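Remarks on the structure that follows.
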Amino acid sequence: MQGKIGLEEHFAIPDTLADSKGFLADDTWPELESRLMDIQERRLAEMDRHGMQMMLLSLNAPAVQAIAEPKRAIDIARRANDYLAKEVARRPDRFQALAALPMQDPDEATRELRRCVKELGFRGALVNGFSQINDPSSMVYLDDKRYAAFWAECDKLDVPFYLHPRNPLPSASQIYEGHPWLLGPTWAFGQETAVHALRLMASGLFDRHPRLQIILGHLGEGLPYSIWRVDNRNAWTKAPPRYPAKQKLGFYFQQNFYLTTAGNFRTQTLIDAMLEIGSDRIMFSTDWPFENVDHAAIWFDACPISTADRVKIGRSNAERLFKL
Ligand code: MN
């Protein structure tokens, strides 16, 4: 399929580059480093070769979310966003931008989102899970009350919010001890992000802001497969769920979430996601540079779904959601 749009596509700036080291074997670092630092050359060639018209670009992970000192988090986010705005301006037909946000300071995060959308023309934000705030051992999730005004602004600006994975801190990783292979994209990313998304659903956030749209990568971090059981648990007991949200969580999953194919190029999984959330709420992505554009595109172009669904997932859902 020609004209595909991808929206979980990352770059780095020198200050955040090292955050991406260690997820792959050391001998792949020179290749990953050059992919992360490039925007206009190798990346565009990959896109041309595999029918990708556009990438919505975002900073690598965990980057800003792992900078416990709020002033520095604010500074790095601004620098990354200003750099990205300049790169996008060179080829706005091929690149658009998602903002990095210093969630360590909710007021500054709100201001930076507004600046990025109103002044720099960004299409939304991408945040890497919980934030460490002041204390490097802290983990502040986005359902925290301190983010009420931030979410109100996100709703008012009418821009989507991409909830991207990061690893749990060592203090919250006992279950992975002795099995470091489970960290990162293999398993821990999905576990961490799925729980984060369930926290948002249960918090009542989407009762307050029914228009708000959250995007999850990796075909929903396992949630399409599990969301029915979350709502149905022990249905014979008739006990109401003990969370503030008014609806079953599957309701918010279908009303307030979009999924992307980033890093999960599996037809069986895509079909399950389509059955749970619908092809109007799934969008193509690759997760470049951590995954390959060819792996994503060759799979997607040939996977056995209807032409109508391929056009929606490959392109038109993103055009509509991001007003491209
Ligand atoms: Mn990613």
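Things to note:
- Restricting region 146-184 to residues that are open to solvent by less than 30 Å² (accessible area, probe 1.4 Å) and of a type in the set (Gly, Ala, Ser) leaves a set whose member that is nearest to Pro210 (Cα to Cα) is Gly184.
- Pairs, first of a type in the set (Asp, Glu) in region 261-286, second away from the ligand (no atom under 16 Å from the Cβ) and part of a helix (DSSP H, G or I), C-beta under 7 Å, six or more apart: Asp272/Pro224; Asp272/Tyr225; Glu276/Pro224; Glu276/Ile227; Asp280/Lys312; Asp280/Asn317
- Just so you know, in region 1-28 the residues that are assigned to a helix (DSSP H, G or I) and of a type in the set (S, T, N, Q) include one that is farthest from Met283 (Cα to Cα), and it is Thr28.
- Residues that are among the hydroxyl-bearing types (Ser, Thr, Tyr) and open to solvent by less than 10 Å² (accessible area, probe 1.4 Å) number at least 1 in the following strands (runs of 3 or more DSSP E) confined to region 29-145: 52-59, 131-133.
- Exclusive hit being over 22 Å from Glu291 (Cβ atoms) and in contact (Cβ under 8 Å) with a residue 40 or more places away in the chain, set Pro106, Pro185, Pro160, Pro165: Pro106
- Failed item, numbered, when Thr260 is tested on (1) touching a helix residue (DSSP H, G or I) at 6+ places or on another chain (Cβ under 7 Å); (2) of a type in the set (Ser, Thr, Tyr); (3) within 30 Å of Asp144 (Cβ to Cβ): (1)
- Test: residue in region 221-234 that is within 16 Å of Leu126 (Cβ to Cβ), within 16 Å of the ligand (Cβ to nearest atom) and modelled with pLDDT of 95 or more: yes
- Complete set of residues in region 8-23 that are open to solvent by 40 Å² or more (accessible area, probe 1.4 Å) and within 13 Å of the ligand (Cβ to nearest atom): Asp19, Phe23
The values are calculated or read from the model by the stated rules, or taken from the named source; none is laboratory data. The structure presented is a predicted model; accordingly, all values stated were derived computationally and were not measured. Note: ideal-geometry Cβ built from the backbone for every residue, glycine included; neighbour counts use all protein chains shown. SASA here: full protein model, heavy atoms, side chains in, ligands and nucleic acids out. Shrake-Rupley method; radii C 1.70, N 1.55, O 1.52, S 1.80 Å.
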